[in-house]
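Here the structure is laid out as structure tokens; the discussion comes afterwards.
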Amino acid sequence: MRQLCIALPAFASLALSANASFAAPAVIDSSYRATDGRRVQQCSTVVDASVAQVWKAFTTDAGLTRWAVPVTHIDFRNGGIMESSYSLDGKIGVSDNIKNEIVAYLPERLLAMRNVHVPKGAPFNPALIATIRTIFAFEDLGNGKTRVTESGVGYGEGAGYDSLYQTFRDGNAAEMVSLARSFASGPVDWKAQAAKLNAAAGAH
């Protein structure tokens, strides 16, 4: 859900290194070009959790803060808003928070969203992000396993879209690992990740 949350890649990479004993799951990149020539950014992984559990990880505040973002509130309904911040001191209701709208959903099967606001200074062109739709598909594999597939549709051509595509391709793969890890070994420790990020920044 890097497309969903518009996260910075540094948080994703740090979350992956938080537990060296965790065996990262396979993340399959199945990106392709649609018949109209537009790129579809797509990746998937298998999570050791039931589809009901994984659905809650995407559609509730408690579920999202376990793996996706430290501060968030989701008004889960058609047209509802998911509001998020990567600042540990962030507050819901701040005008410059990340905001995504729920376009449509099919319970425990599909979730479609679009970005409606990015923070000032974000390394993305808001006009380009507004053209992308993010679709999550949930497949019950049985035996307590669920395949999650994230697809980003609407990518055009040009340097701006190329940069957006690359950022989300890398970030979305990292978030899939973060999702799987949250079920395998517990939620992300956001305070610890922020401390590591600050330490890394201070070392440069």
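Based on the inverse mean of 1/r over its pairs of different Cα atoms, what is the Kirkwood hydrodynamic radius of the chain, in Å?
One over the average 1/r among Cα pairs gives 17.1 Å for the chain.
Straight-line reach from LYS196: which aspartates and glutamates have Cα under 18 Å away, leaving out those fewer than 8 places along the same chain?
ASP89, GLU175
With θ set to phi - 60° and the Karplus curve 6.51 cos²θ - 1.76 cosθ + 1.60, what are the ³J(HN,Hα) couplings of the range 42-49 in order, to the nearest whole Hz, using x for Gly and Pro?
9, 8, 8, 8, 10, 10, 7, 7
Going by average Cβ neighbours within 10 Å, how do the peptides 171-178, 58-65 rank, with the highest at the top?
171-178, 58-65
In the structure displayed, which of LYS56/LYS120; LYS99/LYS120; LYS91/LYS120; LYS56/LYS145 lie more than 20 Å apart, Cα to Cα?
LYS56/LYS120
None of the figures in this text is laboratory data; all of them are computed from the coordinates on show. Computed from a predicted model, the values in this text were never measured in an experiment. Backbone-built Cβ (ideal geometry, glycine too); neighbour counts: all protein chains shown.
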